[in-house]
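Below is one structure, written out as structure tokens; the observations come after it.
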Amino acid sequence: MTDISPQPLAGTDANPGDLTHVARQTSVYVYEAPVRLWHWINAAAITILCLTGYFIGSPPPTMIISEAAHQFVFGYIRFVHFAAGWVLAIGFLGRIYWAIFGNHHARQMFYLPIYSGTWWREVFFEVRWYLFLEKQPKKYVGHNPLAQLAMFCFITLGVSFMILTGFALYAEGLGHGSWADAMFGWVVMLVGGNSMLLHTYHHLGMWWITIFMIIHIYVAIREDIMSRQSIVSTMISGMRTFKDDDPD
Amino acid sequence: MAAIETFYDVMRRQGITRRSFMKYCSLTASALGLGPAFVPKIAHAMETKPRTPVIWVHGLECTCCSESFIRSAHPLAKDVVLSMISLDYDDTLMAAAGHQAEAALEDTIEKYKGNYILAVEGNPPLNEDGMYCIIGGKPFVEQLRHAAEHAKAIISWGACASYGCVQAAKPNPTRATPVHKVIIDKPIIKVPGCPPIAEVMTGVITYMLTFDRLPELDRQGRPAMFYGQRIHDKCYRRPHFDAGQFVEAWDDDNARKGYCLYKMGCKGPTTYNACSTVRWNEGVSFPIQSGHGCIGCSEDGFWDQGSFYNRVTDLTQFGVEKNADQVGMAAAGVVGAGVAVHAAVSALKAAQKKSQSQPSKEEV
């Protein structure tokens, strides 16, 4: 951790109280540029995928703009879904690459230290914090253990599931013998061979990710306000700033 | 033992002209997706090779596969293909009955050991030692195992033999079981559908005669030439799908204009079959052309996939009949409400803490 040195601040709005605060604040570089870039591209892709995906399951009301040959409304919805799906999939592969070659914070999302007793204790500590049973949250440089658990279940597992099932459904359009069929066709066999069921599971997956989005945005804002460290700006600048230098 | 007749011999004996025979060969070639160069190959095979003996057995089924098969639209040849097959054993179509029929089955197995094709229509129920389907005084599953033992290959005709169909739908009281789960040591071709298309059935047999091998099969064991694409991929209403023009209700104007039946629960996008290209009854029509969505009858467990008339079908796994959207929206709603309450409590707690720590703050 690097201390921001307590040099006098420029400007006239800093009073002695502010200066003492600044002296106690520390920050650390957590999220490297590729991780931040991935986060926002991924967020955009997921939003587009959820919207278009919902419409693919329940199409908008029939629009009669012209003859079918000159109208491609539903085709465009599907096109945007597939394009965003590609962005999500390639982005996820890039994210895995960065988990290997980036800093250790980039790896945190991809594993759970389930054999660590300390880790589990801290998961339950976080649960107690969210149940208003703890007065003071702990400070974390990376994800807190509960957040790590959520990231793993919703993003690492959730997005992997959506990519696998998504490409298996995409393979249906490309047809028997296509590269997508060769690579992902087996996924249909996991649900017994009838891809109708795979559509349903893919659909449920969308809601799984939607639930994550609700929790994620709420918790990020809440932690930014109530915890002892920065959250939202960290995903913009990469810097985790702490609000105090108290131990623990 | 006299030499086994060729298909061509049988056709000529039945009064089929050579012209009709050649028509049959070229129609079959195009149905199989083969080029014109294959027409003489098919003709040659049918003229020279001994006809393929076929034993056709019936388990739990409704005979719609046989009904379809005997309506094969290739001109005149349908009768011939039928009589060639019934020559051996088919307890529904053959003239013999009772002990005579069972004797014919034994004769055929003995005579063509290792060379005959076993066509299975329907499936064996396994509960109560197979007593739910008795053929010739014995459970069907025994006849099936016996006939399969010396078969060269097995064709599972229809959804029953391929996947189980209606008698295997939940809760499947008789434990009706598809053929490939009972016979595991023979090559099995699945020709699913309820029933399969007649031309697909004759096409598969012709291919096996011509090339002496099984057609290319997909991952599920279906002939790729007929089951490689979805109904949706070759549907003539596809432009309306891409345009976003759907039938919204059964009697609306869009239904009369022949728009896409996707919103009415058409299973074309998840159903692999040749209906939209080969069609039915001599190419007259197929369900979507008649204004009704595809029900997905050639797919595994199509009876258990929820309503035929919903696109996003019900999930019975949740105990109540709700579809993925209803389940998902309810879950998201609960989470959203939870978040709102949590945010309110957080704000109150924060305010409380602030008021309590007010004096200490001023000391700083």
Query raised in the report: In the stretch A:58-72, which residues are crowded, with 17+ Cβ neighbours inside 10 Å and not in a loop (DSSP other than H, G, I, E, B)?
Result: A:68
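Within the stretch B:265-283, is there a residue that is over 18 Å from the mean Cα position of the chain (by Cα), closer than 30 Å to residue A:69 by Cβ and modelled with pLDDT of 90 or more? Can you show your working first?
From the stretch B:265-283, those over 18 Å from the mean Cα position of the chain (by Cα) are B:265, B:282-283; that's our starting set.
Okay, now just the ones that are also closer than 30 Å to residue A:69 by Cβ, so B:265, B:282-283.
Still in the list and also modelled with pLDDT of 90 or more: B:265.
Yes, that holds for at least one residue.
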Requested in this report: Take the residues in the stretch A:170-190 that are on the phi < 0 side of the Ramachandran plot and at the interface with chain B (Cβ under 9 Å from one of its Cβ atoms), then tell me which one is modelled with the lowest pLDDT.
Outcome: A:176
Report summary line: Turns out the helices (runs of 4 or more DSSP H) fully within the stretch B:21-105 with at least 1 residues that are modelled with pLDDT under 80 and under 22 Å from the mean Cα position of the chain (by Cα) are B:77-86
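Hey, can you tell me all the residues within the stretch B:110-134 that are surrounded by fewer than 21 Cβ atoms within 10 Å (Cβ to Cβ) and either assigned to a helix (DSSP H, G or I) or touching a residue at least 12 places away in the same chain (Cβ under 8 Å) (or both)?
Our first condition is that a residue be surrounded by fewer than 21 Cβ atoms within 10 Å (Cβ to Cβ); within the stretch B:110-134, this holds for B:110-115, B:126-129, B:131-132, B:134.
Scanning the stretch B:110-134 gives B:110, B:111, B:112, B:113, B:114, B:115, B:126, B:127, B:128, B:129, B:132.
Could you pull out the residue among A:132, A:167 that is more than 9 Å from every other protein chain (Cβ to nearest Cβ) and either hydrophobic (A, V, I, L, M, F, W, C) or within 29 Å of residue A:41 (Cβ to Cβ) (or both)?
Working: A:132 fails: more than 9 Å from every other protein chain (Cβ to nearest Cβ).
Among A:132, A:167, only A:167 is more than 9 Å from every other protein chain (Cβ to nearest Cβ) and either hydrophobic (A, V, I, L, M, F, W, C) or within 29 Å of residue A:41 (Cβ to Cβ) (or both).
Quick check on the stretch B:348-357. Is at least one of its residues assigned to a helix (DSSP H, G or I), in contact with a helix residue (DSSP H, G or I) (Cβ under 8 Å, 6 or more places away or on another chain) and at pLDDT 90 or above?
Residues of the stretch B:348-357 assigned to a helix (DSSP H, G or I): B:348-356.
From what is left, the residues that are in contact with a helix residue (DSSP H, G or I) (Cβ under 8 Å, 6 or more places away or on another chain) are B:350.
Next, only the ones that are at pLDDT 90 or above stay: none.
Within the stretch B:348-357, not a single residue is assigned to a helix (DSSP H, G or I), in contact with a helix residue (DSSP H, G or I) (Cβ under 8 Å, 6 or more places away or on another chain) and at pLDDT 90 or above.
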Report summary line: Scanning the stretch B:217-251 residue by residue, those out of contact with any strand residue (DSSP E or B) (no Cβ under 8 Å at 6 or more places or on another chain), at the interface with chain A (Cβ under 9 Å from one of its Cβ atoms) and surrounded by fewer than 19 Cβ atoms within 10 Å (Cβ to Cβ) turn out to be B:219, B:233, B:239, B:248
Report task. List the helices (runs of 4 or more DSSP H) that sit entirely inside the stretch B:158-270 and contain at least 1 residues that are closer than 23 Å to residue B:67 by Cβ and hydroxyl-bearing (Ser, Thr, Tyr). Result -> B:158-162, B:198-211, B:224-227
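Mind telling me which of the residues A:139, A:135 ends up being in contact with an Asp or Glu (Cβ under 9 Å, 6 or more places away or on another chain) and among the basic types (Lys, Arg)?
Values: A:135 fails: in contact with an Asp or Glu (Cβ under 9 Å, 6 or more places away or on another chain).
Only one candidate passes the filter, namely A:139.
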**Report entry** In the stretch A:24-59, residue nearest to residue B:264 (Cα to Cα) [restricted to those that are within 14 Å of chain B (Cβ to nearest Cβ) and of a type in the set (Ser, Thr, Tyr)]
**Finding:** A:58
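The values are calculated or read from the model by the stated rules, or taken from the named source; none is laboratory data. Worth saying up front: this structure is predicted, and the values here are computed from it rather than measured. Glycine gets a Cβ as well: all are built from the backbone with ideal geometry, and neighbour counts include every protein chain shown.
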